[in-house]
Structures are given as structure tokens and as C-alpha cells.
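A short write-up of the structure that comes next.
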Amino acid sequence: MSAAGQGRGTAVLAVLGELVVDLIPVPGADTGPGGTAPQYVARPGGNALNVAVAAGRLGTPVRLLSRLGTGPLAANLRRHAELSGVDPAGFVPADEPVSLAVVGLASDGSADYGFHVAGAADWRWTDAELDRVLPQGTALLHVGSISSWTAPGSEAIARLVERLAAAGSALVSVDPNIRPALAEGPAARLIGNTGDEVRARLDRLLAAADVVKVSAEDLAWLEPGTDDLDDAARRWAARGPALLVLTDGGSPLRIARPGRDLLHRAPPRVAVADTVGAGDSLAAGLFSGLLARGVTSRQALAELPDADLVAVVDDAALVAALNCTRVGADPPTRAELDAARRERATR
């Protein structure tokens, strides 16, 4: 969709964050003595790109706000977004390199990451850049993951979030999407992060958020020792968001809203190829469902009946499940989601 088209009353999802090239291992393709030279496929990734692509495939008007770094894979990242219907007018050309993640996959499909991001383009947002690329008609701004809690760009992101929250002009969504190696420890120090600073930056964003998606893995880092996820969901909902969605892998999701009963929803059971991009796909499904129902303000979100919210979350969980049936972050189209929903209804 063109930037001009976004200026004529269309409710737009704006997704702000990093671009990452994921190097995903090819099963059984190791070469060299003793399999010491594994083969990888370079796939477009990163929380923001994955969310925007998933939303675009679902037919939601979406602009991705990302700093597009240098290197031979930058064009692939941009093309990946465009092919999924994402408005590319939010890309800011940057002189720094593109971020890289080397992915390891366990036997159950769960992913581990090794990051090569020092000096990357993603962490250097300025106020002027954000003002230039934020689309007119933004109904929901989603921020999260590494760029939202890594300086110096995290400061500009926080100021934008606080400005939108104060104006009430758009819903604000936050997903911590913690990557522990980049939040605390030796690798984190290379990009200027400490655990205390990351938690403080996230607290600032969460204080302005209308929607929060957080995973049990995030909580394990943010609140070590947390073992009662029901209690955690209620506590996080009481911090101020109008909606809290807590994911726990293949276990039931928790849906919490202030003054409402805590809800649990079991995600669909599928044959898992891997879980790369699962949480991002769920977030995109959530945003697409809310915007499709005209939920573009905090009041509208607070007034959304439980039955309607559950339907949105169930669809979002199905989007995530379908993504998990394919290698890498490869979310479904609207047609694929509709077909899967019809198939489940006939069982």
C-alpha cells in the first residue's frame, strides 16, 4: 500500500523495530570432517519484520519502521516485506550493517540464538527519523524486542510511545521479546546493555502501553523465580495495560484485563517444524483481529466483549500454529488462515 493511500482515513498498523537475518541450519546437511561445517539458509527475520510480514499476509494495512543497514542481504529484507504487502515507506537507509542471528534448533523445534549485532543499524533511531516515517492514520503502534531496549535509539522510541500514549491518538503495543544474551552479560555490554538498564527501559515503555504481549520465557528473565503464571498475568494487567496476553509455548495462553476474569485459551496442536517467529505471528494475528473489529482506541479495547476478544486471540493462536508448521518465520496468508479455521470447525 502506498504512503499516500495511508493518509486517507485508513487504520494503519505501524510496527517499529529491528531487521535481522536469521541463519537457520539445514537438517542433515552438515559437511566437512565430523560434520563441522553446517549449512545454513539465510532467512529474513527480526521481531518487527516478522510481525509486519504476518500482518501484511493477513491483509492488514501495515507499515514497517526499520533502519535498513548495509550489506548484500539488505535488499532481501526489503523485498521480503514488500512481497507480503508491507508498506516500505518506513525504511530508513542506514550506514551501519544489518544484524545477524545464527539459529540453533532443538529436537522439539525450539530455537536458540547467537547474535552478531555490535554496531548494527537497528539501535540508532533519532526523533527526526521516527517523525518522518510514522504514517498518518496510525491506529496501533507496536514496539518491542532488542531495539526497544537498546540505546541510543531506545530513547527516541520511548519518547514516541509516550507522545502517542499522552495524545491517545493510537493504541500502543509492547512486546519485551527478551534476548538474554543481548540484555545482560558480555555480549550485551558490546551494545551498551546491562540488565538493570534494560529493565528500566522496558518499565518506561510498559507504563505507556495499552496492549502487552509477554512470554513465560520473558518473565523468567524479567522476574526470576516466577512460577505462578496466572498471578503474573493478573499483576502485569494491573500495571496499566488494557490487555495483557501471556504466552507459554504450547501451553494455554493467559488473557488478562483490569477488572475482568483471567481467561485461558489452549493453542492448536500442530506438527511443529520449528518455533521461529511464532510469538511474532501471534502478535500480528492479535493486531489484525483488533483492527478488523474497529478497535483503535483504549476505550474500545476495554469495552470489547470477552467473547469477541477470545475469538481474536484464538485466531491469533492459529496464525502462530500455522507458522510453526513451516521452517523459519513463514506466517500464513489470510486465505490459509480461513482454510485452517474452516477445517478445524468441521472436526
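State yes or no: is Ala128 farther than 28 Å from Gln299 by Cα, modelled with pLDDT of 95 or more and surrounded by fewer than 19 Cβ atoms within 10 Å (Cβ to Cβ)? When the stated conditions are applied, Ala128 passes them. Restricted to the stretch 264-278, and to residues there that are open to solvent by 40 Å² or more (accessible area, probe 1.4 Å) and of a type in the set (A, V, I, L, M), the residue that is farthest from Pro44 (Cα to Cα) is Ala266. Filtered by the rule that a residue be closer than 20 Å to Ala55 by Cα, assigned to a loop (DSSP other than H, G, I, E, B) and in contact with a strand residue (DSSP E or B) (Cβ under 7 Å, 6 or more places away or on another chain), the stretch 69-127 gives a lone residue, Val86. Taken over the stretch 167-225, the criterion of being among the hydroxyl-bearing types (Ser, Thr, Tyr) and either farther than 21 Å from Ser110 by Cα or out of contact with any Leu (no Cβ under 9 Å at 6 or more places or on another chain) (or both) is satisfied by Ser169, Ser173, Thr194. Yes or no: Leu58 open to solvent by less than 60 Å² (accessible area, probe 1.4 Å), under 19 Å from the mean Cα position of the chain (by Cα), modelled with pLDDT of 95 or more and of a type outside the set (D, E, K, R)? Yes; evaluated as a whole, the condition is true for this residue. Against the test of being touching a Leu at 6+ places or on another chain (Cβ under 7 Å), assigned to a helix (DSSP H, G or I) and surrounded by 19 or more Cβ atoms within 10 Å (Cβ to Cβ), the options Val319, Val310 yield a single qualifying residue, Val319.
The set of residues in the stretch 121-180 being within 17 Å of Leu291 (Cβ to Cβ) and over 18 Å from the mean Cα position of the chain (by Cα) consists of Pro135, Gln136, Gly137, Leu164, Gly168, Ser169.
It is to be established whether one or more residues within the stretch 207-216 are buried (at least 18 other Cβ atoms within 10 Å of the Cβ), part of a helix (DSSP H, G or I) and modelled with pLDDT of 95 or more. No, the stretch 207-216 contains no residue that is buried (at least 18 other Cβ atoms within 10 Å of the Cβ), part of a helix (DSSP H, G or I) and modelled with pLDDT of 95 or more.
State which residue is modelled with the lowest pLDDT when the search covers only the stretch 225-244 and only residues that are more than 22 Å from Val310 (Cβ to Cβ) and either exposed (fewer than 12 other Cβ atoms within 10 Å of the Cβ) or aromatic (Phe, Trp, Tyr) (or both). Restricting to residues being more than 22 Å from Val310 (Cβ to Cβ) and either exposed (fewer than 12 other Cβ atoms within 10 Å of the Cβ) or aromatic (Phe, Trp, Tyr) (or both), the top hit is Asp227. Would you check which residues across the stretch 284-312 are touching a residue at least 60 places away in the same chain (Cβ under 8 Å) and aliphatic (A, V, I, L, M) and list them? The answer is Ala284, Leu286, Leu290, Leu291, Ala292, Val295, Leu301, Ala302, Leu309. Apart from one condition, Ser281 fits all of (1) open to solvent by 30 Å² or more (accessible area, probe 1.4 Å); (2) touching a residue at least 40 places away in the same chain (Cβ under 8 Å); (3) under 30 Å from Ala183 (Cα atoms); (4) in a helix (DSSP H, G or I); the exception is (1). Of the residues making up the stretch 217-265, those that are in a strand (DSSP E or B), over 18 Å from the mean Cα position of the chain (by Cα) and β-branched (Val, Ile, Thr) number 0.
Restricting the stretch 99-119 to residues that are touching a helix residue (DSSP H, G or I) at 6+ places or on another chain (Cβ under 9 Å) and surrounded by 20 or more Cβ atoms within 10 Å (Cβ to Cβ), the residue that is nearest to Ala292 (Cα to Cα) is Ser99.
Kindly indicate whether any position in the stretch 169-190 is surrounded by fewer than 20 Cβ atoms within 10 Å (Cβ to Cβ) and within 19 Å of Gly90 (Cβ to Cβ). The answer is yes; a qualifying residue exists.
The values are calculated or read from the model by the stated rules, or taken from the named source; none is laboratory data. As the structure is a computational prediction, the values presented were derived from the model and not from experiment. Positions of Cβ are generated from backbone atoms using ideal geometry, with glycine treated the same way; all protein chains shown enter the neighbour counts. The protein model used for the area step is the full one, side chains on, heavy atoms only, and it has no ligands, DNA or RNA in it. Shrake-Rupley method; radii C 1.70, N 1.55, O 1.52, S 1.80 Å.
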